[in-house]
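Take a look at the structure set out below.
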Amino acid sequence: MPNDFLSAVTPVAGMAQAVAQPSQFAQMAQAAMAPKASPYAKPGPYATKLSPQEERQFTQWVQQNKIPWKDSPTADYDMRGYWRAMLAGDPNAKQAANRHFPDTYKTPYHKTFSNESRYAMPDAPKWVESATDWKLVDKNGKVVAVEKK
């Protein structure tokens, strides 16, 4: 009986190889779940490069100010670009009272990527204000996102 049982559950062709290499599954799953860049983005990269000294200063600024940002290849915000512009006195590099950062440095991986980003093409969705909220509207008039005031 054990031999009959084993022959009944013999893996399908290729299954044994897949089971033997679980890291391939993990990589495939990770790739499937990775954020997709907006189709309205200019070609990358989407991260400002800093010198080693600037990188140390930037890291210290992030930690000291408890900046809610995580470094990753698909980060949704170019915080380094914001930081550099802020130090240079760029009037657009200011946080709102609610700690919201400007759209200027949103990368194409952000769920509300808009035409205000330095990485956006001109036909990217734009923000439209109403009395109660902000709507992100694409070039065809479709509402992509809504944020309450």
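For the range 74-81, indicate whether the set of residues that are aliphatic (A, V, I, L, M) and either part of a loop (DSSP other than H, G, I, E, B) or in contact with a Cys (Cβ under 7 Å, 6 or more places away or on another chain) (or both) is non-empty. Yes, that holds for at least one residue. Taken over the range 97-120, the residue count meeting the criterion of being closer than 20 Å to Gly141 by Cα and exposed (fewer than 14 other Cβ atoms within 10 Å of the Cβ) is 1. Whenever a residue of the range 56-72 is free of Cβ contacts under 8 Å to residues at least 40 places away in the same chain, its partners that are surrounded by 14 or more Cβ atoms within 10 Å (Cβ to Cβ) and small (Gly, Ala, Ser), lying with C-beta atoms within less than 9 angstrom and at least six residues away or across chains, give the pairs Trp69/Ala75; Asp71/Ala47. When Trp127 is tested against (1) out of contact with any strand residue (DSSP E or B) (no Cβ under 9 Å at 6 or more places or on another chain); (2) farther than 21 Å from Thr48 by Cα; (3) modelled with pLDDT of 95 or more, exactly one condition is not met: (1).
The residues in the range 101-149 that are without any contact (Cβ under 8 Å) to a residue 24 or more places away in the chain and outside any loop (DSSP other than H, G, I, E, B) can be counted, and the count is 11.
The values are calculated or read from the model by the stated rules, or taken from the named source; none is laboratory data. Just so it is clear, the structure is predicted and the values come from calculations on it, not from any experiment. Note: ideal-geometry Cβ built from the backbone for every residue, glycine included; neighbour counts use all protein chains shown.
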